[in-house]
Amino acid sequence: MSVAEEFEKANIAYVAQFDKGHLPLPPGRQVAVVICMDARIDPAAALGLTEGEAHVIRNAGGRASDALRSVIISQRLLGTREIVVVHHTDCGMLTFNDEQLRGIVKKETGHSVDHFAFLPFSDLELSVKEDVDFFKKNDLVLDVPISGYIHDVKDGKITKVA
Ligand SMILES: [Zn+2]
């Protein structure tokens, strides 16, 4: 059975107990969370969120520039008025640099991705501060409260760093 087929099976049980069909489209707590896609992080559980409350924008590293498109949609069309950036310990983005990944892609596909920024980082705290700054200084982003945290994958604790 493929994982997709496992999902279909799991969804049957989910639908049987589902009772959130009445929720409005705009996030109730008017917040957009930009957070890494890391499989160990459950943003809803870690941050106390339930369905309908927040936009959770996930990408590799929880990088701001990668999330910009979604943040603009979140703010301009769906009314969010706060941004929270969350990066985390032991992130895969700490394990490579652009040159290395560009080399891997070139070798395995024959295509050059030298123009591609994969947005890895070597300093976790600095990466959070940079991404908070990215949103604060970007003219396309509303002037709203923006904060940044590091999530520790060992104990689940978040620490504010920006
Ligand atoms: Zn990560």
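How do the pairs read when you match residues in the stretch 125-151 that are within 17 Å of residue 91 (Cβ to Cβ) with residues anywhere that are among the charged types (D, E, K, R), using Cβ under 7 Å and keeping only pairs 6 or more apart or on different chains?
Every condition considered, the pairs that remain are 131/63; 148/129; 148/131; 149/160; 150/125.
Restricting the stretch 78-92 to residues that are in a loop (DSSP other than H, G, I, E, B) and more than 16 Å from the ligand (Cβ to nearest atom), which is least open to solvent (accessible area, probe 1.4 Å)?
Applying the filter and picking the extreme gives 80.
Quick check: anything in the stretch 98-115 in contact (Cβ under 8 Å) with a residue 24 or more places away in the chain and buried (at least 16 other Cβ atoms within 10 Å of the Cβ)?
no
Across the stretch 93-127, what is the number of residues that are in contact with a helix residue (DSSP H, G or I) (Cβ under 9 Å, 6 or more places away or on another chain), part of a loop (DSSP other than H, G, I, E, B) and among the hydroxyl-bearing types (Ser, Thr, Tyr)?
Total satisfying the criteria: 2.
To keep it simple, each residue is scored yes or no on (1) open to solvent by less than 80 Å² (accessible area, probe 1.4 Å); (2) out of contact with any strand residue (DSSP E or B) (no Cβ under 8 Å at 6 or more places or on another chain); (3) assigned to a loop (DSSP other than H, G, I, E, B); (4) of a type in the set (A, V, I, L, M).
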position	(1), (2), (3), (4)
21	yes, yes, yes, no
29	no, no, yes, no
35	yes, no, no, yes
38	yes, no, yes, no
45	yes, yes, no, yes
49	yes, no, yes, yes
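Does the stretch 61-77 include one or more residues that are surrounded by fewer than 13 Cβ atoms within 10 Å (Cβ to Cβ) and part of a loop (DSSP other than H, G, I, E, B)?
Checked against the condition, which is being surrounded by fewer than 13 Cβ atoms within 10 Å (Cβ to Cβ) and part of a loop (DSSP other than H, G, I, E, B), the stretch 61-77 yields at least one hit.
Taking the stretch 128-151, which residues are in a loop (DSSP other than H, G, I, E, B) and surrounded by 13 or more Cβ atoms within 10 Å (Cβ to Cβ)?
138, 141, 142, 144
The values are calculated or read from the model by the stated rules, or taken from the named source; none is laboratory data. Note that the coordinates shown come from a computational prediction; the quantities given were computed from them, not determined experimentally. Note that we place each Cβ from the backbone using ideal geometry, even for glycine, and neighbour counts take in every protein chain shown. Only protein heavy atoms, including side chains, enter the accessible area calculation; ligands, DNA and RNA are left aside. Shrake-Rupley method; radii C 1.70, N 1.55, O 1.52, S 1.80 Å.
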